[in-house]
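The numbers here are math on the coordinates, done by the rules we state, and not lab data. These numbers come from a predicted model, not from an experiment. Note: ideal-geometry Cβ built from the backbone for every residue, glycine included; neighbour counts use all protein chains shown.
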């Protein structure tokens with residue numbers, strides 16, 4: 001049996017195959033609400049894909065390009081977004097509890113009304129990112145670069161910002 005066939009017969013291979021089928025359906029305009037938890041999409045280009053209302057808990061998007069992707073109202077608990085490109089990416093209302101955004105590059109991304117409790121943004125570059133009314137309790141922004149970010153109405157309980165970061169954020 002070939003290595004590819006062996007992988008496709010594993011649980012992870014079946015999840016990836018189901019994901020790719022669903023992704024093809026979404027690109028064709030079919031709306032899906034689906035469960036893709038524990039999937040590894042390491043390094044994939046997922047530009048402009050609509051993942052709205054999907055479940056990706058415990059998944060890996062490490063070094064992916066999610067530019068213009070829609071992850072609104074998506075469950076992303078414990079998901080790995082380290083070193084991911086998030087240009088104009090939508091996370092409105094997403095559940096990102098314990099998500100890792102370490103060293104991510106986010107420009108004009110929107111996390112409005114998102115649940116980001118204990119999310120880790122260490123080393124991330126965040127430019128023009130909106131966190132309006134987001135729940136950021138206990139989030140970590142150590143060594144993150146914050147430029148023109150909007151934290152209006154966000155719950156920042158337990159979030160530590162350096163003096164430089166405090167000067168760089170806008171909170172109304």
Decide, for region 101-172, between rounded, prolate and oblate: order the square roots of the alpha carbon gyration tensor eigenvalues as a ≥ b ≥ c, take rounded if a/c falls under 1.5, and otherwise choose prolate if a/b is larger than b/c, else oblate.
rounded
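Rounded, prolate or oblate: pick one for region 33-172, where a ≥ b ≥ c are the square roots of the eigenvalues of its C-alpha gyration tensor, a/c under 1.5 means rounded, and failing that, prolate if a/b is larger than b/c, else oblate. Please report the intermediate quantities before stating the final value.
Working: a/c = 1.68, a/b = 1.54, b/c = 1.09.
Cα axes put region 33-172 in the prolate bin.
Order by neighbour count: 97, 87, fewest other Cβ atoms within 10 Å first, most last. Let's see the in-between values first.
On the way: 97 19, 87 16.
Fewest to most other Cβ atoms nearby, the residues stand as 87, 97.
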Taking Cα pairs under 8 Å and at least six residues apart, what relative contact order does region 33-172 come out at, in percent?
14 percent
Put in order of increasing Cβ neighbours within 10 Å, starting from the fewest, 122, 82 give 122, 82
